[in-house]
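The values are calculated or read from the model by the stated rules, or taken from the named source; none is laboratory data. From a predicted model like this one, the values you see are computed outputs, not experimental measurements. Note that we place each Cβ from the backbone using ideal geometry, even for glycine, and neighbour counts take in every protein chain shown. These accessible areas exclude ligands, DNA and RNA; they are computed on the full protein's heavy atoms, side chains included. Shrake-Rupley method; radii C 1.70, N 1.55, O 1.52, S 1.80 Å.
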Amino acid sequence: QVQLVESGGGLVQAGGSLRLSCAASGSIFSIAVMGWYRQTPGKQRELVARITSTNSTNYADSVKGRFTISRDNAKNTVYLQMNNLKPEDTAVYYCNVDKARYSGGYYSGWGQGTQVTVSS
């Protein structure tokens, strides 16, 4: 019905950049909030950034000034531009959709995650 497909993760050296993408597929009319979360082993999943349908954004303090979230509503896709990456950014990054209106009603859910590894 609604599927979230993530891409863009990988291995990068400290100071490098990556761009994550998450595309929501299905007969979608609107998505209230799209965001990115990350998780490391033994740690809770934490908010990295989120963006609303009106382009209001929120960022974790640890990524402010380095990461930028954006969305393309025509493609139902959210992006996370990650610059000046640090080893502590290493995690599995998960796409999140909250209150997507689609043909079957409302959907909220998670992508399957993409690994980001930053080496020193």
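The set of residues in segment 45-61 being exposed (fewer than 14 other Cβ atoms within 10 Å of the Cβ), part of a loop (DSSP other than H, G, I, E, B) and of a type outside the set (Val, Ile, Thr) consists of Ser53, Asn55, Ser56, Asp61.
Scan segment 69-76 and give yes if some residue there is within 16 Å of Gly9 (Cα to Cα) and part of a strand (DSSP E or B), otherwise no. Yes: one or more hits. Tell me, please, whether a residue that is open to solvent by 60 Å² or more (accessible area, probe 1.4 Å) and within 16 Å of the chain's Cα centre (by Cα) can be found in segment 69-76. Yes: segment 69-76 contains one or more residues that are open to solvent by 60 Å² or more (accessible area, probe 1.4 Å) and within 16 Å of the chain's Cα centre (by Cα).
Cβ separations smaller than 9 Å between residues 6+ apart or across chains give no pair from segment 74-103 residues that are closer than 13 Å to Val118 by Cα and without any contact (Cβ under 8 Å) to a residue 24 or more places away in the chain to residues that are crowded, with 21+ Cβ neighbours inside 10 Å and aromatic (Phe, Trp, Tyr).
Screening segment 87-120 for residues that are open to solvent by 70 Å² or more (accessible area, probe 1.4 Å) and touching a Gly at 6+ places or on another chain (Cβ under 8 Å) and picking the one that is farthest from Trp36 (Cα to Cα) gives Ser103.
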